[in-house]
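Contents: one structure, followed by commentary.
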Amino acid sequence: MTRVRVEQLAVRYGPTTVLDGIDVEIGDGEFFFLLGPSGCGKTTLLRSIAGFIEPSGGRILFDDRPMHGTPPAKRDCGMVFQNYALWPHLSVFENVAFGLDVRKVGKEEKARRVREALKLVKMDGFEERPPNRLSGGQQQRVALARALVVEPAVLLLDEPLSNLDAALRVELRAEIRDIQRRTRRTAVYVTHDRAEALALADRIAVLKDGGIEQLGSPEDLYDRPASPFVAGFVGDANRVEGRVAAAEGDRFVVEGPFGTVRARATGGAVTAGGAALAVFRPERLRLDGSGDGGVGTLTGRITRRTFLGEVVQHDVELEGGAVVRVLSLGGDTAHPEGTAVRVRVDDALVFPV
Amino acid sequence: MRAVPIFLLAAFFLTFLVWPVAHVLGGAFLVDGAPSLGAFSLAFQNDVFVRSIVNSLVVAFAVTFLASVVSFPLAHLFVHYEFRGKGLLQGLLLSAMVLPPFVAAIGIRQLFARFGSVNLALMELGVTDEPIDFLGGHPLLGVVLMETLHLYPILFLNVVASLSNIDPSLDEAAESVGASRWTRFRRVTLPLVLPGWFAGAIIVFIFALTDLGTPIVFDVRDLVPMQIFERATEGSRDPVGYALVVIVLALSLVLFLLGRRAVSRRTGQQATKGSVVARTRPIPPRVKPFLALGFVVLVVVTLLPHLAIALVAFSEKWFFSIVPEHFSLKHFGRVLTDEIAYVGVKNSLIYAACSTAIDLVLGVGIAWLAVRGKGRLGAMFDAVAMLPLALPGIVLAFGYTYAFSKTPIDPLRDPFVLLVFGYAVRRLPYVVRAADAGFRQVPVALEEASKNLGASGWTTLRRVTLPLLAGNLLAGGLLAFSFAMLEVSESLILAPTEKDFPIAKAIYVLLGDIADGAQIASAMGVIGTVLLLYSLLAASRLLGKSLGELFRS
């Protein structure tokens, strides 16, 4: 259907730069995510694609057609807004049918397509309701149907789930993924919720300060983050500071007051002897009562134990004062606060400081 | 494509706002083509003028003060307490607003004249032998009371709007750190309400300063509006008249800008809007009797002019009796058969309809530019469109009379264009505000969603924006229409010939008719009042509490 290419895109308001040097190519039928903290420019990028913002520099192309100067109405993007943006004076049916009216679709076909779209989002039977008599989740389903019914070239979703409660978010998330898989529509989804991005995305662009920090599959970002920021934004990450003691091929030995670990370099130029940041994920650590000591084994004392049901979280104060977090599966709970422990670090990352 | 409407807007303001004002300034500051302050020094040497200015200021201050004294406690009760008859109170206030002081004065004259009902009743009861000269003795007092009665609802609406805009959690936060009720009022509530009160007080002050209707019926000549009226109608281009107009204009404008600043400083404080619901309490039983008494007094005082007008309108005739001896509906019939009355009603309907249509088109355009447009242009037009709030009708009418004389739209030849545009200019702020509020209530995302689905700008306007604005536009239009129907200053000054008379001029001329003029005039007043009351009720239902915010600087 449609590929979206963004080339050297920049958006500036007076002296403030919101986006700069954005290069992305979104494939046909791809479910693409823009992930980042608030203020990183992700919504601005989405709105530039929709045509609500005219970029200050660079180009946006749908297939090979440059979109510059094309008003939103002519871009054929279906958008789902954060606050749903359902028209309060129109019924559910009329809301969904609006785009078909604009496209002058005949009465019978219109009724059929609206019915199908509402069925797709499990909102059939609500046709005559006014939007304000629906719950938040229902409103968002209707908003999704309204965007999908016109069979847009590109589906744009602007934090569609952020106004919903946690349980509903997870439920709708799965449905949105199924619908996207089924319709194979090119879709761009903006969120600051890493769980949404990891669970749904084909590829994710992590944005920071108006630029793309890293672009890749969820697994790429999680296992091979290009920077400590990405490592911390797509998952929980312990960070300890030290020095690169030795290089062994693509592996490095990092030592510091906390002890010594072996680590992979996934971004930045790491050199032996330089200051370094070792990063490791809480669920990739193991608490060992005994252990053999040496490289990869750190010693410390449990300062806090938090029972979370399926997992238990231990905060361990290492030698030298750094505190790391360790997640263990629920059965592994025999470590009261105050106990001295060893922490096995099987997988760590190293970044230059 | 966008240049044409913007050009038309600019042309409208330049022709019907800037040019007449410029003409007035020129007349006041130029003597034989050279800049001079001569007109002003002449004005200040003239005893009648100085007395008029002092009197008008006294009236305006007194009205503002009295109106504040009445509205603060009323608004407090209304917002924070639960009691029966709230709706009645609101209706009462609106009915005070809708009776033009100009018409009300007819009724008051009937009650308080030397041989009016009150004197006759007092003599009947043996309280006094000689009739008391209520109106002649203190002419300014009558004007002050009439105008206060008419204007205090504007202040009330403003204070209510401010009070109910205050997030209750602000008060609760103060309570939680142990502030007493009085401290909370003084340190939290009052500072938050004052800007809103001030903005309303400025409007009341300007209205009272420049109201022509009340003094003309009471025949109090030593007031600024009367002096301007005489100079505008006698056709002498006296520089002193220009100077007086400029003084009024400058005063109004300065006050208006002060009021604006007071309100704009406040923005940003209302960050937690949205689910703002003030707590209401029941009234403590021990103060109930006092409040009930207060209400009765308020109701009687407020409705006295209405009652008087109705009595006059429904009386067969009414001379030298406490209440009319015979009642009849014939004067209502005469509204349609009497030449002057009929023409007045017909003309006003046409003038008001045309001016309202102009206001709606311009108002939507300006509000759209201001809220949705990019750049400064919208804010600029918005500011200009608000200026007529500070532009008294007498000033505009005076400007029109002389600025357009000997042009194709000379009011002496055919006042149609000037009356319609004059009404339109002065009611435009209400429509712009109503439309502005509407645009702000409609999230941009609703319009974006429409464009996103492929709708053109025009389709979006027609199918999404306008239906969502309909309530606000209806309210703004209703207000513009009814105020235009009962407009006084421009109507009295700009329509010299009988076939062009609007309602106000017809009423004024009928009052001079010794036979049954007063009755027909009162019947017209009753009809007009009912019309206005209905419009305001509808508007307040459509706008909710933001009605109060229409009447501020």
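By accessible area, using a 1.4 Å probe on protein heavy atoms only, segment A:85-159 has 46% of its surface on carbon and sulfur. Couplings for segment B:433-441, taken from phi via the Karplus curve 6.51 cos²θ - 1.76 cosθ + 1.60 with θ = phi - 60°, read 4, 4, 5, 4, 4, x, 4, 5, 6 Hz in order; Gly and Pro are left as x. Taking 7 Å steps out from each Cα toward its Cβ at residue A:38 and residue A:175 produces label points 2.7 nm apart. Note on residue B:183/residue B:291: beta-carbon distance plugged into 1/(1 + (r/R0)^6) with R0 of 25 Å gives a FRET efficiency of 0.55. All other residues whose Cβ lies under 10 angstrom from that of residue A:148 are scored, Lys and Arg at +1 and Asp and Glu at -1, for a net of +1. Assuming charge only on the beta carbon of Lys and Arg (+1) and of Asp and Glu (-1), the dipole of segment A:4-228 about its Cα centre is about 680 debye to the nearest 20. For chain A, adding -39500 (n - 2.57) for each run of n ≥ 4 DSSP H residues and dividing by the number of residues yields -7000 deg cm²/dmol at 222 nm. Highest mean first, the peptides A:250-258, B:6-14 sorted by other C-beta atoms within 10 Å per residue fall in the order A:250-258, B:6-14. In segment A:4-228, taking the dipole from charged Cβ atoms about the Cα centre, the farthest positive-side position among A:56, A:228, A:125 is held by A:125.
Estimated from the Cβ-Cβ distance and a Förster radius of 60 angstrom, the FRET efficiency linking residue B:234 and residue A:16 is about 0.45.
The calculated FRET efficiency for the pair residue B:82 and residue B:170, based on their C-beta separation and a Förster distance of 22 Å, comes to about 0.60.
Length gained on full extension, residue B:250 to residue B:541: 101.2 nm, using 0.36 nm per residue less the C-alpha separation.
Peptide packing for A:220-229, A:6-15, B:486-495 was compared via the average number of neighbouring C-beta atoms within 10 Å per residue; ordered from the highest value, the list is B:486-495, A:220-229, A:6-15. With 20 Å² as the minimum drop in accessible area between chain alone and full protein complex (1.4 Å probe), the qualifying residues in segment A:60-89 are A:72, A:73, A:77, A:81, A:85, A:87, A:88, A:89. The slack between residue A:344 and residue A:74, meaning 0.36 nm per residue of separation minus the straight C-alpha distance, is 91.5 nm. Computed extension length for residue B:530-residue B:497: 9.1 nm, one decimal, from 0.36 nm per residue of separation with the Cα-Cα distance subtracted. Look at the stretch B:453-465: the mean tally of other chain Cβ atoms within 10 Å of its residues' Cβ atoms is 5. Counting only DSSP beta bridges with both residues in the protein assembly as shown, tell me the antiparallel percent, nearest 5. If we restrict to bridges inside the protein assembly as shown, about 75 percent are antiparallel. Listed values for segment A:69-74 are Karplus-derived 3J(HN,Hα) couplings in whole Hz (6.51 cos²θ - 1.76 cosθ + 1.60, θ = phi - 60°), namely x, 7, x, x, 5, 9, and x replaces Gly and Pro. Interface between chains B and A: roughly 1700 Å² of accessible area buried, both sides summed (probe 1.4 Å, protein heavy atoms only). When a 1.4 Å probe is rolled over the protein heavy atoms, the share of accessible surface on segment A:236-352 that falls to carbon and sulfur comes to 48 percent.
The residues of the protein assembly as shown expose on average 43 square angstrom of accessible surface per residue, using a 1.4 Å probe on protein heavy atoms. The apolar share of the surface of segment B:1-152, taken as the fraction of accessible area on carbon and sulfur atoms (1.4 Å probe, ligands and nucleic acids excluded), comes to 72 percent. Looking at segment A:236-352 alone, DSSP beta bridges between its own residues are antiparallel in about 95 percent of cases. For residue A:348, the amide hydrogen comes within under 5 Å of the amide hydrogens of A:264, counting only partners 5 or more places away or on other chains and with H modelled in the peptide plane. Label-to-label distance for residue B:357 and residue A:251 is 8.7 nm, based on points extended 7 Å past Cα in the beta-carbon direction.
So the label point goes 7 Å from the Cα of residue A:308 along Cα→C-beta, right? Which residues of segment A:210-242 then have their backbone N under 11 Å from it? So the set is A:236-237.
In order along segment B:332-343, phi translates into HN-Hα couplings of 5, x, 5, 4, 8, 9, 5, 4, 5, 4, 4, 4 Hz, rounded to whole numbers, per the Karplus curve 6.51 cos²θ - 1.76 cosθ + 1.60 with θ = phi - 60° and x for Gly and Pro. Highest mean first, the peptides B:463-474, B:421-432, A:64-75 sorted by other C-beta atoms within 10 Å per residue fall in the order B:421-432, B:463-474, A:64-75. The mean number of Cβ atoms from other chains found within 10 Å of a Cβ in peptide A:97-110 is 2, as a whole number. Mean residue ellipticity at 222 nm, helices only, chain B: -23500 deg cm²/dmol; runs of at least 4 DSSP H residues each add -39,500 (n - 2.57), and the sum is divided by the number of residues. With both residues required to sit in segment A:4-228, DSSP beta bridges show an antiparallel share near 50%.
The values are calculated or read from the model by the stated rules, or taken from the named source; none is laboratory data. It should be emphasised that the depicted structure is a prediction, and the values quoted were computed from it without experimental measurement. Because the Cβ atoms are built from the backbone with ideal geometry, glycine has one as well, and the counts that use them run over all protein chains shown. Accessible surface areas use protein heavy atoms only, side chains included; no ligands, DNA or RNA. Shrake-Rupley method; radii C 1.70, N 1.55, O 1.52, S 1.80 Å.
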